[in-house]
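Read the structure below first, then the notes.
The values are calculated or read from the model by the stated rules, or taken from the named source; none is laboratory data. What you see is a predicted model, and the numbers here were worked out from it, not measured in a lab. We place every Cβ from the backbone using ideal geometry, glycine too, and count neighbours over all the protein chains shown. What goes into the accessible areas is simple: the full protein's heavy atoms, side chains included, and nothing from ligands, DNA or RNA. Shrake-Rupley method; radii C 1.70, N 1.55, O 1.52, S 1.80 Å.
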Amino acid sequence: MNWRDVTVFDGHAYVAGNVTANYTIPVSGFNTTQSGNVNMKLGVIAGEGDRNISGDYLQIRNHANTNWVDISHAGNSTNNFFNSSIFTGGNSRNPNLLNNTGIDISMFDIPNSGNSVITNNQTSAQFRYGTTQDTYTIFMMAMSVDAYIPTPEAQTTIQSINAVPYLTGDPLVAQPGNEIEITIDVKNKGTEPIDNAKLIVPIPFASSYVSSSAQIFFTPLPTPNNVYFDPSLGANGSIVWDIGTLPLPADLNDLLGTLTYKIKVTEDCVILSNVNCDPEIIINGYMNGVGQISNTTFTNQSTMQGYQMSGGCIGEPILVPYVFSIDASSFVTANCLATPTVLEFLKCNVGSSIPITEVSGHLPSGSRFYNEYPVTGTSVEYTITIPFPATPGVSTYFAVPPGATSCYFEFT
């Protein structure tokens, strides 16, 4: 189904009989397609249009603003538009009355050969309705045109684990020190080019950045088309592909670009030997940008795994991220047995508080610090502006790493 701009006139427009009169309804707020044929559909509901009284009509102003164009459908005529007919493309009604108790309901395409009535890049239109003798009331009119919608698609694929090709459906398991190679294919499946397109990939907890590169498959190349690692973006840094403009291809399945990157599974004993944490690597990303014609901005549009191929949602995108588990048992036995379960930080002769920077460097980057776990609405969070209190004795706190759902680090 194509995206549509829909504009609704929610009545009422009354025309008294036995007079010659006409009125206009201005319509705005839509954007017709930039090039090619413009398709417009109109829906009208009115009351008291008599079948045997002519002289009533509905018209649309052509885009050149030079003529009013008579419109009709197969169930009426240009000189008796409101005639108690129902014309919506369906075949069955109950009851199926000849005069439909004085109700007009119609939905039809407006002839627009060569874009003679509605043209490209048009944002407003006018309708005129009138009569020479019939009385009627328009209480709803809806108009739709093909719409501009920015719809980027970024599909993530796991390519290899420790240089071994990954087969779809295999368990997502990696070992400490393994490198995981991932690609993200970028397409434009909307109805307009996308400006300021940017793909952002946060480096997951329990991993680190290794490398990244990108390929563009269209010409001319966009600007700036720059791939870089920003260590300050997000809790663990992020890969940023500042693409520029994504064109609208003739075939919406055309691949426009691919980001390839590698991350490394952590070898940090503090993370891997923590009995309160089963570390996971969550592979995700998102896109930002703006529609070139509609000026519609989208932010944090998630990457996807692909499309549902079975069940009741066939064709729907799979937006859940890939989640790797870490098989660290052998590594921990060989390297981490001396790592304490609860980290201890001894502080002497301090003032009234202890900055979180005194402990943050020893715990996963981006962790948030609390006085209790599980975290509730009444838990105290310690931040740069809310330091730990310098309470004499032993105080226990909890660090929750970024993206973790059931993982914490206890320290005193």
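With respect to the stated conditions, residue 66 is at pLDDT 90 or above, among the β-branched types (Val, Ile, Thr) and open to solvent by 80 Å² or more (accessible area, probe 1.4 Å).
Considering segment 35-63, and only residues there that are among the charged types (D, E, K, R) and open to solvent by 70 Å² or more (accessible area, probe 1.4 Å), the residue that is farthest from the chain's Cα centre (by Cα) turns out to be 51.
Close Cβ contacts (under 7 Å, 6 or more residues apart or on different chains) running from residues in segment 29-58 that are more than 30 Å from residue 247 (Cβ to Cβ) and part of a loop (DSSP other than H, G, I, E, B) to residues that are aromatic (Phe, Trp, Tyr) and open to solvent by less than 40 Å² (accessible area, probe 1.4 Å) comprise 48/136; 49/82; 49/136. Only one of the numbered conditions (1) under 25 Å from the mean Cα position of the chain (by Cα); (2) surrounded by fewer than 18 Cβ atoms within 10 Å (Cβ to Cβ); (3) farther than 30 Å from residue 3 by Cβ is not met by residue 299, and that is (3).
The set of residues in segment 100-114 being within 30 Å of residue 36 (Cβ to Cβ) and buried (at least 18 other Cβ atoms within 10 Å of the Cβ) consists of 106, 108, 110, 112.
Could we say that residue 243 is aliphatic (A, V, I, L, M) and farther than 22 Å from residue 280 by Cβ here? Yes: the conditions hold for residue 243. Note on segment 237-266: residues that are of a type in the set (Asp, Glu) and modelled with pLDDT of 95 or more amount to 2. Here the condition is being touching an Asp or Glu at 6+ places or on another chain (Cβ under 6 Å) and aliphatic (A, V, I, L, M); of 125, 147, it holds for 147 alone. Applying the criterion of being free of Cβ contacts under 8 Å to residues at least 12 places away in the same chain and touching a strand residue (DSSP E or B) at 6+ places or on another chain (Cβ under 9 Å) to the residues of segment 189-230, the residue that is surrounded by the most Cβ atoms within 10 Å (Cβ to Cβ) is 230. Residue 105 meets all of the listed conditions (1) within 27 Å of residue 150 (Cα to Cα); (2) assigned to a strand (DSSP E or B) but one, namely (1).
Is there a residue in segment 249-257 that is surrounded by fewer than 18 Cβ atoms within 10 Å (Cβ to Cβ) and over 30 Å from residue 123 (Cα atoms)? Looking through segment 249-257, at least one residue is surrounded by fewer than 18 Cβ atoms within 10 Å (Cβ to Cβ) and over 30 Å from residue 123 (Cα atoms).
Look at segment 136-160: where a residue is free of Cβ contacts under 8 Å to residues at least 60 places away in the same chain and a partner is part of a strand (DSSP E or B) and open to solvent by 30 Å² or more (accessible area, probe 1.4 Å), sitting 6+ places away or on another chain with Cβ atoms under 6 Å, you get 160/181.
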